[in-house]
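Enquirer: I'd like to ask you about the structure that follows.
The values are calculated or read from the model by the stated rules, or taken from the named source; none is laboratory data. From a predicted model like this one, the values you see are computed outputs, not experimental measurements. Cβ coordinates were reconstructed from backbone atoms using ideal geometry, including for glycine residues, and neighbour counts include every protein chain displayed. Side chains are part of the model used for accessible areas, which takes the heavy atoms of the whole protein and leaves out ligands, DNA and RNA. Shrake-Rupley method; radii C 1.70, N 1.55, O 1.52, S 1.80 Å.
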Amino acid sequence: MADTPPSSTPETRTSGRSAILGAMFLMATSAIGPGFITQTTTFTVTLGAAFAFAIVISILVDIAVQMNVWRAVGVSGLRAQELANRVVPGLGWVLAALVLLGGLVFNIGNIAGTGLGLDAMMGVDPIIGAVVSAVIAIAIFLVKRAGMLLDRMVVFLGLLMIGLTTWIAITSKPPVGTALRNAVLPDTLDVVAITTLIGGTVGGYITYAGAHRLLDSGLTGPEHAREIGRSSVQGIIVTAIMRVVLFLAVLGVVAGGATLAKANPAASAFEQAAGSFGLHAFGVILWAAAITSVVGASYTSVSFLTSSRTSDRTRNLMTVAFIVVCTVLFLLLKKAPVTLLVFAGAFNGLILPLGFTIILIVAIWRRDLLHGYVYPRWLIVVGVLAWLLTLYLGYQSLGGLAKLWG
């Protein structure tokens, strides 16, 4: 009699379900970093309720991109860079280099965000807070069952962020009816806001965070295609909920006529909505968003340097090294330099069309990499439409690079 596959044991099934949930929240929390919070606040101040339309469009594009990425990676059982190397030898290493560079620079910003979060939460010096947070992130990958701890942490902090932000949104009493109308018929259409939001929530390493974590769950192969698709949508829904409640929280304050402090508009919005508690709640949300982004960026960036054959210990030690390098660079620079962040953002805009092109090539022409799986035509159609938009985002990113060279 053949041995029972490990994936069929109760313990492994539980671990697999934990990894699936972790993959969903890793994707969501990676997309909800300090930059996302700042962007949402800034655009809500300038556009008001009309920003609801940008949020709806970004969610729809996210669904189209992530459903295809999760489906191709999950069904093939191969990481994005492995798929790229199968399509064009060497292309996977180009993709890995771009992701690694973008992840490294943005992680400096994420680490800086953890320090600012602890400062708002408890008055801790931002530099000390950033180092303490980095140590916490490192500790996660040094424990024996790092994967399970990672999953539980991103789920807990993700739910905490949603809960606190929802409470602030209720307190600020936003004009929900006006926001709903603008979600369909916006008073103002801002293309820059839409493209910025999409690039910041599905570009770079964020595109692959959940899908690569999914591979660790054992939920791979054509027989799990439906579950993979459902999990990807659920992950996007988690992200969407956070986007919506953060938007409503700030909208309520702005619609009430309050003027936000230019130095830190997001913190100002929370403080005006709920006083001292609101400011401390903002600190918790910012720290949670930042540290989960540190973990997500580190885990995903290192996943582009490893394969399914890499041992957990090696992968975890490489992740620790990545966080240490980012922390040292942060201490040397004292902050995330604006020029470097623009540079990384531009590269993220290039990663999105490059990586997504590979996904669509696999979906349309490389059934051999999908183990004979017949890819849904409707998913290819929505994927191609989203791909055309990623090309536009990539073009916009070239403009950012041109400014840097100038």
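Enquirer: Given (1) more than 30 Å from Pro265 (Cα to Cα); (2) open to solvent by less than 50 Å² (accessible area, probe 1.4 Å); (3) under 20 Å from the mean Cα position of the chain (by Cα), identify the lone condition not met by Ile111.
Expert: Checking Ile111 against (1) more than 30 Å from Pro265 (Cα to Cα); (2) open to solvent by less than 50 Å² (accessible area, probe 1.4 Å); (3) under 20 Å from the mean Cα position of the chain (by Cα), the one that fails is (1).
Enquirer: Can you tell me which of (1) assigned to a loop (DSSP other than H, G, I, E, B); (2) more than 30 Å from Ala84 (Cα to Cα) is the one Ser307 doesn't meet?
Expert: Among (1) assigned to a loop (DSSP other than H, G, I, E, B); (2) more than 30 Å from Ala84 (Cα to Cα), the lone unmet condition for Ser307 is (2).
Enquirer: Take the range 77-99 and flag every residue that is open to solvent by 10 Å² or more (accessible area, probe 1.4 Å) and assigned to a helix (DSSP H, G or I).
Expert: Once the filter is applied, which keeps residues that are open to solvent by 10 Å² or more (accessible area, probe 1.4 Å) and assigned to a helix (DSSP H, G or I), the range 77-99 yields Glu82, Asn85, Arg86, Val87, Leu91, Trp93, Val94, Ala97, Leu98.
Enquirer: Using beta carbons and a limit of 6 Å, which pairs, at least six apart or on different chains, have the first residue in the range 299-316 and at negative phi and free of Cβ contacts under 8 Å to residues at least 60 places away in the same chain and the second one open to solvent by less than 80 Å² (accessible area, probe 1.4 Å) and in a loop (DSSP other than H, G, I, E, B)?
Expert: Arg315/Thr306
Enquirer: Further, regarding this structure: Which count do you get for residues in the range 77-98 that are out of contact with any helix residue (DSSP H, G or I) (no Cβ under 6 Å at 6 or more places or on another chain) and either among the aliphatic types (A, V, I, L, M) or farther than 18 Å from His212 by Cα (or both)?
Expert: Qualifying residue count, the range 77-98: 6.
Enquirer: Taking Thr196 as the residue in question, decide whether it is open to solvent by 20 Å² or more (accessible area, probe 1.4 Å), part of a loop (DSSP other than H, G, I, E, B) and among the hydroxyl-bearing types (Ser, Thr, Tyr).
Expert: The answer is no for Thr196.
Enquirer: Checking Ile206 against (1) within 24 Å of Ser293 (Cβ to Cβ); (2) among the aliphatic types (A, V, I, L, M); (3) surrounded by fewer than 21 Cβ atoms within 10 Å (Cβ to Cβ), which single condition isn't satisfied?
Expert: (3)
Enquirer: Here is a further query. Examine the range 60-67 for a residue that is charged (D, E, K, R) and not in a helix (DSSP H, G or I), and state whether such a residue exists.
Expert: Looking for residues that are charged (D, E, K, R) and not in a helix (DSSP H, G or I), one finds none in the range 60-67, hence no.
Enquirer: Still on this model: Being small (Gly, Ala, Ser) and at pLDDT 80 or above is the filter; apply it to the range 157-204 and report the residue that is nearest to the chain's Cα centre (by Cα).
Expert: If we take residues in the range 157-204 being small (Gly, Ala, Ser) and at pLDDT 80 or above, then Gly158 is nearest to the chain's Cα centre (by Cα).
Enquirer: For the range 116-128, enumerate the residues that are part of a helix (DSSP H, G or I) and without any contact (Cβ under 8 Å) to a residue 40 or more places away in the chain.
Expert: Pro126, Ile128 - these are the residues of the range 116-128 that are part of a helix (DSSP H, G or I) and without any contact (Cβ under 8 Å) to a residue 40 or more places away in the chain.
Enquirer: Among the candidates Thr327, Thr357, single out the residue that is at pLDDT 90 or above, hydroxyl-bearing (Ser, Thr, Tyr) and within 30 Å of Leu116 (Cα to Cα).
Expert: After ruling out the rest, the residue left standing is Thr327.
Enquirer: If I filter the range 9-26 for residues that are open to solvent by 40 Å² or more (accessible area, probe 1.4 Å) and at pLDDT 85 or above, do I get at least one hit?
Expert: Within the range 9-26 (the criterion being open to solvent by 40 Å² or more (accessible area, probe 1.4 Å) and at pLDDT 85 or above), the answer is no, since none of the residues qualifies.
Enquirer: Oh, and also: If you check Val295, Val250, which single one turns out to be at pLDDT 90 or above and part of a helix (DSSP H, G or I)?
Expert: Val295
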